[in-house]
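Worksheet: the structure to be examined is printed underneath.
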Amino acid sequence: MLKILKYSFYDLIRSRWSYVYFLFYLILGFVLLFLNNDVSKAVITLMNVIIVLIPLIGTIFGVMYYYNSREFTELLLAQPINRTSIFMGQYLGVAGSLTMSLVLGLGIPFLLYGLLRSDAIFDFSLLLVTGSFLTFIFVGLSFVIAISNENKIKGFGYAVLLWLFLAVVYDGLFLMSLIVFEEYPLDTFSLVATMLNPIDLSRILILLKLDISALLGYTGAIFKKFFGTDIGFLVSMAILVCWTGLPLLVLGYKAKRKDF
Amino acid sequence: MTITIKDLHKQFGKNQVLKGVDLTIDKGQIYAILGPNGSGKTTLIKSILGMVLPDKGHITVLDKPIKKQWKYRKQIDYLPQIANFPPNIKVKELIHMIKDLRNSPSAEKELIDLFGLGPFLDKKLSTLSGGTKQKVNIVLTFMFDSPLLILDEPTTGLDPMALIRLKELILKEKSNGKTILITSHIMQFVEEMADQIVYLLEGDIYFKGTIPELKKQTGQTSFEHAIATLTTSENHAENTEI
């Protein structure tokens, strides 16, 4: 598996798109820091961009990589290599190279700006950690979609729909249900609903660390009470780990039973 | 016996591709697997490789059952039909990579010289022409010393010189005692190379035997016509004894 990972990773970090993705974060990081002159504000803006962009890029990249390397995967399948290792290696290659673009692209400008001397280092690391989680989650989901659909167009369609649902539609449904059921106590419901969507969970996690949760009103207070504690933080991280693991289990299951 | 296949069934959706194939492949011979498009040739080959998982049936390679195994593939060199490689890596790196993955001794240098791939070693795979890619594909397949060779349409895109080299290479491997399975639509190539013909039709083996036997059975003098007769006689539904 490590060999497959190594080659997928090398193949990807040399592709043009990895550089574009890396440069995008690099430029974004520099621009935000020099326009804002405030690390904390820059982190918030970055969060808003990252939370939507990472899942999108992760899904598209994952699906694209899977379909583009289909013939090569067939070549690998004829070699004396375990099936699961092939797909896990490719998955880690894609997710790893995207994460590297993210961490380096944002890390370099922040380091140059003097992050290590600022208080925002924890917030910033949390941003990178959740960003990495989101990359792994969505690349995993996109691999599951791609392996389940022979038809490229369908695969792309489902992947984009998944992103649209989790990034946009889910919040809409969530808000609507809050309005419809406003007569009822919704504390637990909103907590659970937030936890079930990795994008929302990441957003809340970062927001609450940024001490602007006062803006969130009453619900914010509940969230703060839960996520703000160490237990809440650990639970959230555990859920992100589950979100990362679940697609991999499905991927392994599908890979063992698929005809190529 | 190198490969034995018993009662192999495979269905894709509603399409039943293999309907109870029984086949034994003996050591040291060249087998040509022929049949019209969609007759199940590639499915049969991929079942042997473990890429397609049969619904029913039993396959052994070198006397070992292959179900849920992968290490046996070390004994097989497979040339896939469409050679589509990762675009960003160089020919040299791809060869190195496959060597690294298989971890077996390899003889790529002579093959690179044989097919004149020297000037392409530092080129990226995306810049190569179809024929050159097929040459790379051939080098990747023949550079290992495995007892079983499976070649799916090996002649695709090759120029006449490379085709001659390929034929020499196949005969050399045969003289080393290897078992070789070939699919091809080029009848002249099959006639020159094959010892045994396996003719698949609608998911079952319709004919198995040598070329003289085939000519005798169909009453044709040319191999190409004999194969064509096999295909068309099905329409008259008269030729059932094999």
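Every read-out reported here was derived from the displayed coordinates using simple, explicitly stated rules and does not represent laboratory data. Since the model is a prediction, treat every value here as computed from it, not as a measurement. Every residue, glycine among them, receives a Cβ derived from its backbone with ideal geometry; neighbour counts consider all protein chains shown.
The figures follow:
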| item | result |
| --- | --- |
| Shape of the range B:60-99, Cα gyration tensor, a/c cut at 1.5 | prolate |
| Table column - 3J(HN,Hα) (Hz), the range A:58-65, Karplus curve with 6.51, -1.76, 1.60, x for Gly and Pro | x, 5, 4, 4, x, 4, 4, 5 |
| The range A:92-233, Rg to Rh (Cα coordinates; Rh as Kirkwood inverse mean 1/r) | 1.03 |
| Estimated Rh, the range A:1-76: Kirkwood, alpha-carbon pairs, angstrom | 14.6 Å |
| In order through the range A:12-28: 3J(HN,Hα) via Karplus (6.51 cos²θ - 1.76 cosθ + 1.60), integer Hz, x for Gly, Pro | 6, 6, 9, 7, 4, 5, 4, 5, 4, 4, 4, 5, 4, 5, 4, 5, 4 |
| Cα→Cβ-extended label distance, 7 Å offset, between B:H185 and B:K90, nm | 3.6 nm |
| A:N37/A:V129 FRET efficiency (R0 30 Å; Cβ-Cβ; nearest 0.05) | 0.75 |
| Over the range B:1-78, equivalent-ellipsoid semi-axes from the Cα gyration tensor in Å | 20, 15, 11 |
| Those residues of the range B:113-143 whose amide nitrogen sits under 17 Å from the label point placed on B:I164, 7 Å along Cα→Cβ | B:113-117 |
| B:L34 long-range amide H proximity, modeled H, under 5 Å | B:V198, B:Y199, B:L200 |
| Antiparallel bridge percentage (DSSP; both residues within the protein assembly as shown; nearest 5) | 55 percent |
| Residue-wise HN-Hα coupling along the range A:86-103, computed from phi with Karplus coefficients 6.51, -1.76, 1.60 (Hz; x: Gly, Pro) | 4, 6, 5, x, 5, 4, 5, x, 5, 4, x, 5, 5, 4, 5, 4, 5, 5 |
| Reduced Cα scattering model of the range A:2-257, Debye log10 I(q)/I(0), q = 0.17 Å⁻¹ | -1.31 |
| Simple label model, 7 Å out from Cα along Cβ direction - B:Q29 to A:S118, nm | 7.6 nm |
| B:R73, B:R165 arranged by Cβ crowding within 10 Å, fewest neighbours leading | B:R165, B:R73 |
| Among A:L46, A:P247, A:P198 - extreme Cα towards positive end, dipole of the range A:2-257, charges at beta-carbon | A:P247 |
| Ranking of B:S222, A:S8 by count of other Cβ atoms within 10 Å, fewest first | B:S222, A:S8 |
| 5 angstrom amide H check on B:V17, placed H, neighbours 5+ away | B:K10, B:Q11, B:F12 |
| Cα-Cα pairs of the range A:1-137 separated by more than 24 Å (percent) | 36 percent |
| MRE, 222 nm, helices only [DSSP H, n ≥ 4, -39500 (n - 2.57), over chain B, to nearest 500] | -10500 deg cm²/dmol |
| Lys, Arg +1 and Asp, Glu -1 on Cβ, resulting dipole of chain A about Cα centre, debye, nearest 20 | 900 debye |
| Alpha-carbon Debye profile of the protein assembly as shown, log10 I(q)/I(0) at 0.14 Å⁻¹ | -1.31 |
| Farthest toward positive dipole pole in the protein assembly as shown [+1 Lys/Arg, -1 Asp/Glu at C-beta], among A:T59, B:I164, B:L114 | B:L114 |
| Which of A:L134, B:L200, A:L201, A:L175 has the fewest Cβ neighbours within 10 Å, and the rest in rising order | A:L175, A:L201, B:L200, A:L134 |
| Other-chain or far-sequence residues with amide H under 5 Å of B:D77's (modelled H) | B:L148, B:L149, B:I150 |
| Range in chain B, longest, excluding exposed GluC sites (Glu not before Pro) [loop by DSSP; at most 14 other beta-carbon atoms within 10 Å] | B:1-237 |
| For the range B:3-236, with +1 on Lys and Arg beta carbons and -1 on Asp and Glu, the positive-most of B:S222, B:Q188, B:T24 along the dipole | B:T24 |
| A:L186 paired with B:K71, simple spin-label distance in nm, labels 7 Å along Cα-to-beta-carbon | 5.9 nm |
| The range B:137-177 residues near the modelled B:D195 label - backbone nitrogen below 18 Å, point 7 Å along Cα→Cβ | B:146-151, B:167-177 |
| Largest-first principal axis extents, alpha carbons of chain B, Å | 57, 41, 35 |
| Lys, Arg +1 and Asp, Glu -1 on Cβ, resulting dipole of chain B about Cα centre, debye, nearest 20 | 980 debye |
